[in-house]
Each structure stands twice: as structure tokens, then as C-alpha cells.
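Here the structure is laid out as C-alpha cells; the discussion comes afterwards.
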Amino acid sequence: MATGDTAEAVAKTIVGAAQTRKPQLRYPSGKAARQTAFPRRFLPRALFDRTLRKQFNIA
């Protein structure tokens, strides 16, 4: 993936997750993951899924 996150950024997220006192369920790593996590909280599931499929041309 040409536009994917670097291995260093992902490793930094993993280390931060492993060292936290209060673990979270998910740890988005990189700009694209954070941008995707935000609307996921507020949009209905069907609308979010439709938008995601359209973005990745999978239906």
C-alpha cells in the first residue's frame, strides 16, 4: 500500500497500547484510521458500511 502508515508509526501505537494503565478496545494508528474511527461513532452502521464500500469500490 503506497499510502499506508509506516511500520514505525504502527509500532509506536503498539508500544503505547502495551504500556498504558487503562487499555482501550481499539487503538487507531495513523491519520486514515483516526479519520475512519470518528464517523463510525456517530453514523448508523448501514450508512457507515455503505460509505466505506463506496470509498474502496467493493460494491
If I ask for residues that are hydroxyl-bearing (Ser, Thr, Tyr) and within 15 Å of the chain's Cα centre (by Cα), which ones from the range 11-50 would you list? 13, 27, 29, 36
Filter the range 16-59 for residues that are exposed (fewer than 13 other Cβ atoms within 10 Å of the Cβ) and assigned to a loop (DSSP other than H, G, I, E, B) and give the result. 20, 21, 22, 23, 24, 25, 26, 44, 56, 57, 58, 59
Can you name the condition, by its number, that residue 3 falls short on among (1) touching a residue at least 24 places away in the same chain (Cβ under 8 Å); (2) surrounded by 12 or more Cβ atoms within 10 Å (Cβ to Cβ); (3) part of a loop (DSSP other than H, G, I, E, B)? (2)
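Just so you know, all these numbers are worked out from the coordinates, no wet-lab data involved. Because the structure is a prediction, the values reported are computed rather than measured. Note that each Cβ is placed from the backbone with ideal geometry, even for glycine, and that neighbours are counted across all protein chains shown.
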